[in-house]
Every structure is written in structure tokens, then in C-alpha cells.
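Below is one structure, written out as C-alpha cells; the observations come after it.
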Amino acid sequence: MSRAGSEARLVVAGVASLVVAGILATGLALGRALENARAPLAAAEARYARLAGLEAVAPRLEVALAELDDALARHAHPAELAADRLGTDLQQRARRIAEGAGLVVTGSQILPLKSGKHFTRIPMAMTVEGSLEGLRDMLLGLREASPSIQVDRLVVQPAIATQPEPGAVDRLLAAQMNLSVLQRQP
């Protein structure tokens with residue numbers, strides 16, 4: 001073999017090696033790029049699956065939200081109403097329920113508001129006298145009130161014995177209670 005032929009082969013082998021190395025480098029770069037593209041694609045597929053799942057349960061979520069709004073309206077006053085008006089309303093509703101149950105209201109007082117994260121509690125202290133059945137009927141009436149009236153504290157004791165007035169209700173017990181209503185925060 002001639003020296004020129006040998007050099008030509010070396011040049012061809014060198015060029016072929018460079019071409020093969022270039023192809024391998026390009027292949028590795030494409031492999032990395034493909035792998036890097038698969039991670040966002042997998043994340044997008046997971047997000048799409050979550051969105052498809054939410055879309056599938058959307059009608060049930062809407063029903064649950066409507067039920068939640070109804071429950072909220074049943075248990076809390078809207079934020080737009082004045083708190084002092086709600087305190088007066090609580091006092092009047094509680095008095096009506098107590099008197100409707102045959103109890104005598106001997107005192108009631110609106111207490112300072114208690115603000116929380118989502119609701120303001122509007123409390124009131126009330127003292128009633130009457131029979132055990134009357135107290136039971138009042139508590140049942142409070143339970144049925146809408147928006148609801150919560151009984152935060154209840155202390156029952158025997159009433160002080162006095163001479164009953166003619167036609168007066170039998171006052172067998174006295175009950176001191178703290179009642180409250182909730183108002184949504186704006």
C-alpha cells in the first residue's frame with residue numbers, strides 16, 4: 001500500500017469517526033430533549049386529568065354549594081344588616097318565643113359583639129321564669145328559629161317562692177341563658 005492510500009484511509013477514518021461522534025452527540029442531545037419534554041407533558045396530563053375529573057363532578061359540586069348557601073342562610077344573617085338591628089331582632093324573637101312557651105321574661109340585655117374570622121356573634125343574656133314544660137317549649141322554639149338562635153349557656157334553678165299573684169303563671173324555675181345569632185363578615 002502506498003503511503004498516500006494509507007493517509008487517505010486515515011483521513012476517511014477520522015472524518016467517519018467525527019461524523020459518528022456528531023451523530024452520537026446529536027442522538028444524546030435529542031434523547032435529553034425528549035426526556036425533558038416528557039416531564040412537562042406528564043405534568044400537563046395530570047393537570048388535564050384533574051380538570052376532567054372536576055368537570056365530571058361539577059354538577060354535584062354546584063348542588064353541594066347550593067346546599068351550603070341554604071345552610072348558611074339558615075344559620076347566619078347577611079353581612080349587609082346592621083349589628084344593632086340584629087341584636088334588637090334577637091331580643092324580640094327570643095321574647096316572643098319565651099312568652100309563646102308560657103314563660104315570663106324577667107330580663108334581657110344585648111351583650112357586646114364578638115368578631116371572628118368569618119362571623120360576628122351577637123350575644124344576649126336573658127332570664128325567664130316558669131314551668132319546666134315552658135322551658136322545654138322555649139328551647140324547641142329556639143331550635144326552629146330561622147336564622148337560628150344558639151343557646152350558648154343555660155343555668156336553671158328553682159324559682160324563689162313568693163305569693164303568686166291571682167292569675168299568674170306558676171313560676172317553678174328560673175333560667176338564665178346566653179343566646180346568640182351569627183352574622184356573616186363582609
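Read-outs throughout are calculated quantities, based only on the coordinates presented, and are distinct from any laboratory measurement. Just so we're clear, the structure is a prediction, and the values are computed from it rather than from any experiment. Methodologically, a virtual Cβ is constructed for each residue, glycine included, from the backbone with ideal geometry; neighbour enumeration extends over all protein chains shown.
Things worth noting here:
- Working from Cα pairs under 8 Å separated by at least six residues, relative contact order for region 83-184 is 32 percent.
- In loop segments of region 68-132 as defined by DSSP, the trypsin sites (Lys or Arg not before Pro) with at most 15 further C-beta atoms inside 10 Å of their C-beta are Lys117.
- Estimated from helical segments only, the mean residue ellipticity of the chain at 222 nm is -20500 deg cm²/dmol, where each DSSP H run of four or more residues counts as -39500 (n - 2.57).
- Relative contact order for the chain: 22 percent, from Cα pairs under 8 Å spaced at least 6 residues apart, divided by residue count.
- Label-point gap, in nm, between Asp152 and Arg74 - each point 7 angstrom along Cα→Cβ: 2.3 nm
- When each of Thr26, Thr106, Thr120 is scored by the number of other beta-carbon atoms lying within 10 Å, the sequence from fewest to most is Thr26, Thr106, Thr120.
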